[in-house]
Amino acid sequence: MGDPRKRRKSFEWPKKPFEKERIDTDRVLKKTYGLKNKQELYEARTIMRRKRTSAKKLLALNLEKRLRKEKELLESLKKMGILSGNPSLEDALMLNENDLLERRLQTIVLRKGLANTTKQARQFIVHGHIAINGKKMDKPSYIVPAMEEDKISYYGKEIKFEQKKVKPVKGAKEKGKIDELREEFEEAKPDEEIMGADATEEIEIAGKKTKGEEEVAGEGGEGEKQ
C-alpha cells in the first residue's frame, strides 16, 4: 500500500493573532458571509494571497514566459468567476478574500434569492436542498465556477418559505397620520381662485364690520361705568 499521503496545510494562521483591527474585521466578515468558523476565512485569505504572490512573481519573468503564465493565471481566475471581461495582471494584484467569499455556494444562494439569510442558505445546502445542474451539492464552501452559476436551483421540490418582512421605521406610522391631517387641513382652507374676487371682498368687509361693532361696544361700556 505504501505510506499514506501527508496532508498539506490548507491555510495559514495570522502572523499577529492578537491584532485588534484584524480581529474586528474578521468578526464582521464571519457574520456577513455566515461562516462556520474563522478557519474558512483563513482558507479564503490564503488562497487569494497565493494568487497575488503568483502574479507578483510573473513581473520578474521575461516577456515571453510572462505572457504565457499571465494568460494561465487570468484564465483560472475567470473560470472561478472572480474576474470577468478582459482582466489584466494589475486586477489580479488587487484581489482580496472578499472576492473569493462572494463565489462561495452559500453566498450565491443568498444572492439569487433562494434563501433569506446566510444562515438559512447554509442550512438549505447542508440539508441537501440545493443542486447544481440537477446534482445535489451539500458543501457551503464550494467555489462556484462562472459556468455553473446559472445552474443553481433547489434539489427536487421547490422550497416555499416566507419572505423576510422589512420592519417599518420607528415613527413612520405617526408621521403618516400627521401628513394625512395636514392634507385634510389644506383642503379645508378657502381657495381664493375657486371663490372668486367678490367672495373674498365680502369676507374682508364682514371682518371690518365685526371689528367696528366691537370698538363701539367697548366705548359704550366705558360710558356706563362713568
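Along Cα→Cβ, 7 Å out, is where each label goes; now give me the distance between the ones at K136 and T117 in nm to one decimal.
Label at K136, label at T117, 2.5 nm between them.
Which order do the peptides 8-17, 25-34 come out in when sorted by mean C-beta neighbours inside 10 angstrom, highest first?
The packing order, highest mean first, is 25-34, 8-17.
Per residue of the stretch 24-36, in order, report the coupling 6.51 cos²θ - 1.76 cosθ + 1.60 (Karplus, θ = phi - 60°) as ³J(HN,Hα) in whole Hz, putting x for Gly and Pro.
Those phi angles translate into 5, 5, 5, 5, 5, 5, 4, 6, 5, 9, x, 6, 5 Hz.
What is the calculated FRET efficiency for K57 to D24, with r their C-beta to C-beta distance and R₀ = 25 Å, to the nearest 0.05?
0.20
Give K51/K112; K9/K79; K112/K160; K6/K135; K36/K151; K112/K139 a once-over and call out the pairs whose C-alpha atoms are over 20 Å from each other.
K51/K112; K9/K79; K6/K135; K36/K151
Just the Cα atoms of the stretch 9-103, one point each, no solvent: what log10 I(q)/I(0) does Debye give at q = 0.18, 0.20 Å⁻¹?
The Debye formula, applied to the Cα set alone, gives -0.87, -0.99.
As an exercise, use a Förster radius of 45 Å and the Cβ-Cβ distance of E90 and F161 to find the FRET efficiency, rounded to the nearest 0.05.
Approximately 0.60, to the nearest 0.05.
Read-outs throughout are calculated quantities, based only on the coordinates presented, and are distinct from any laboratory measurement. Predicted, not measured: the structure shown is a model, and the values here were computed from it. Positions of Cβ are generated from backbone atoms using ideal geometry, with glycine treated the same way; all protein chains shown enter the neighbour counts.
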